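Read through the structure below, which is laid out as structure tokens, and then see the notes.
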Amino acid sequence: MELRSSLVDELILHFGESVFTQQTTADEITTLWVVKEKLVDVLSYLKNDHPIQFSMLYDLSAIDERSYAKKNNHHSTEFTLVYHLLSFKRNQFIRLKVALEGEFPKMSTITHLWVAANWYEREVFDMFGIQFEGHPHLKRILMPLTWEGHPLRKEHPARATEMGPFKLWDEKQDKEQHALQFQPEDWGLKRKSADTDYMFLNIGPQHPGTHGVLRIILQLDGEDIVDAVPDIGFHHRGAEKMGERQSWHTYIPYTDRIDYLGGVMNNLAYLLSVEKLAGITVPDRVKTARVMLCEFFRIASHLVWYGTFAQDLGQLSPVFYMFTDREKVFDIVEAITGGRMHPNWFRIGGLAQDLPKGWDKMVSEFVAYFPKQLREYHDMVMKNSIFKARTIGIGIYTLQEAIEWGVTGPGLRACGFEWDFRKKQPYSGYENFEFDIPTAQNGDCYDRAVVRVEEMWQSLRIIEQCLNNMPEGDYKSDHPLTTPPLKKHTMQDIETLITHFLGVSWGPVIPPGEAMSCIEATKGSNSYYLISDGNTSPYRVRVRTPSFPHMQMLPYISKGYTVADLLSILGSMDYVLADIDR
């Protein structure tokens, strides 16, 4: 707390007291409202001149305050921009807010400070209609270019039933098809140079190498990539908008469809924020069970990446072996939760039910079985000469570049940086476990693979510790906002029964406030920034996913390589399209 106070005092001393207004939040992140005219100067100072060095633009989002402001004495009455910065040096976040007025307000771009701001500002423009002056290419990114309206504004309908039946007449179809045609000039790309005519090649959105509905337009000089333009949004389903129409409780199953390979990890990132807002402390048994399930899903997700990465580079056998072992993980998940890929077993304040009898036997058998498999896969893939030739020295970026682009997770640790939220900002009891943070040094495709393979070994260590040290106790908090509450608290009289019924059907009423929680997901840092206005559903849901900034970096690390190398780079990134598009 002293550090936070000194940080605020230093900023006030440097810029003047009139520039800042401090806000108290449930997550205790230093939160400052900044005068609009001074925001860019403050951001530049925090990144380049402040001794703490907030070097990463962790997230950039917006809030439509127009409905919220009517209920509360708020700093902004129309729109708010929210900037989350992360200092690795001091392991600290800072949240800066700026109030914007007008129907379609404007703000200066910060793409000259962080290249990662490019896509974040485009997303805010797409979703809210906020203009960023000086942005190099401000156009829609998740919605089709022909879309009318800005979906995260409060006046935009949240359900298809509010929009009337969809009709596709001939003129509209022609318009949509024309909008999909790529014009190099729109992106500042030339069709020819002094020496050659460039070829423009579409990869995707239906291509096995893109692992989902991703379109990449390549500017090619023969086989060499001159530039690339990722075209995302084909998998956009409005996850944040859905969060604002669902109850706090019923939104849980929506979360694990975002990184659909990460399973319960998505639930955990969301629930940690809800529990911060509600002031809920969960029992140790809940924390440990959550950790165990999260690490099982880390292994399951990495097995998908491992097998498909090898397949992308020409090995067919590994994907079959690894998917077989993934099924063994899902057998355990199903035995414990009743679900497989999407168990949504975590609840506000705890778990859906206690661990079943016999869970420990299945986990023990897997812990004994899996090391042999990992060693065999290492010999089969990582030692393979063709695999090495296609990954070593390919898709390289430095640590400084990774931070500048917002890279987190294995992609950051492959640059030699030992950073993991489970260690640096522990959650759900991770501080009680012994495990190492795998790193590599070269920041290439091979090293990103090295880190993920070693992570499976560390996940196995954590699971074994959960197996041997699972605490006794309740599987749910006794806090009144826990949903659904423990049965012993609900079956006493008609009042407790009614409270239980309302809690399950409408969900709890979470106190007003805001909180963000960050977890080390399978692909990097995942967080939910939630705002409550004291209702049965969130006022604002912001999902920060790791795959979004990672994909933005693709053109930068692909230039100069060949089309074949592009598949190595894509495979080593380990993204999920729903994680990019949400």
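Those helices (runs of 4 or more DSSP H) of the stretch 232-337 in which at least 3 residues are of a type outside the set (Ser, Thr, Tyr) and touching a Cys at 6+ places or on another chain (Cβ under 9 Å), considering only elements entirely within it, cover 264-278, 284-312.
Kindly evaluate Ser428 against the criterion of being polar (S, T, N, Q), touching a Leu at 6+ places or on another chain (Cβ under 7 Å), within 30 Å of Leu271 (Cβ to Cβ) and crowded, with 17+ Cβ neighbours inside 10 Å. Yes, satisfied.
The lone criterion from (1) touching a residue at least 60 places away in the same chain (Cβ under 8 Å); (2) touching a strand residue (DSSP E or B) at 6+ places or on another chain (Cβ under 7 Å); (3) farther than 21 Å from Phe234 by Cα; (4) not aliphatic (A, V, I, L, M) left unmet by Arg90 is number (2). When each of Leu481, Leu502, Leu530 is tested for being within 15 Å of Leu272 (Cα to Cα) and outside any loop (DSSP other than H, G, I, E, B), the lone residue that passes is Leu530.
Taking Asp360 as the residue in question, decide whether it is at pLDDT 90 or above, assigned to a helix (DSSP H, G or I), touching a helix residue (DSSP H, G or I) at 6+ places or on another chain (Cβ under 9 Å) and not hydrophobic (A, V, I, L, M, F, W, C). Yes: the conditions hold for Asp360.
Here Arg542 passes the criteria (1) basic (Lys, Arg); (2) touching a helix residue (DSSP H, G or I) at 6+ places or on another chain (Cβ under 8 Å); (3) within 18 Å of Ile225 (Cβ to Cβ) except the one numbered (3). Among the residues of the stretch 36-66, those that are in contact with a helix residue (DSSP H, G or I) (Cβ under 8 Å, 6 or more places away or on another chain) and either under 24 Å from Arg153 (Cβ atoms) or without any contact (Cβ under 8 Å) to a residue 40 or more places away in the chain (or both) comprise Lys38, Asp41, Tyr45, Gln53, Leu57, Asp59, Leu60, Ser61, Ala62, Asp64.
May I ask you to list the residues in the stretch 69-107 that are modelled with pLDDT of 95 or more and either of a type in the set (S, T, N, Q) or more than 25 Å from the chain's Cα centre (by Cα) (or both)? Across the stretch 69-107, there are no qualifying residues. Checking Arg375, Arg413 one by one, the residue that is surrounded by fewer than 17 Cβ atoms within 10 Å (Cβ to Cβ) and either among the charged types (D, E, K, R) or modelled with pLDDT of 90 or more (or both) is Arg375 and no other.
Of all residues in the stretch 485-499, exactly one satisfies the criterion of being assigned to a helix (DSSP H, G or I), farther than 17 Å from Ile348 by Cα and either in contact with a Gly (Cβ under 7 Å, 6 or more places away or on another chain) or polar (S, T, N, Q) (or both), namely Thr496.
The values are calculated or read from the model by the stated rules, or taken from the named source; none is laboratory data. The shown structure was predicted, so the numbers you read here are calculated from the model rather than taken from an experiment. We place every Cβ from the backbone using ideal geometry, glycine too, and count neighbours over all the protein chains shown.
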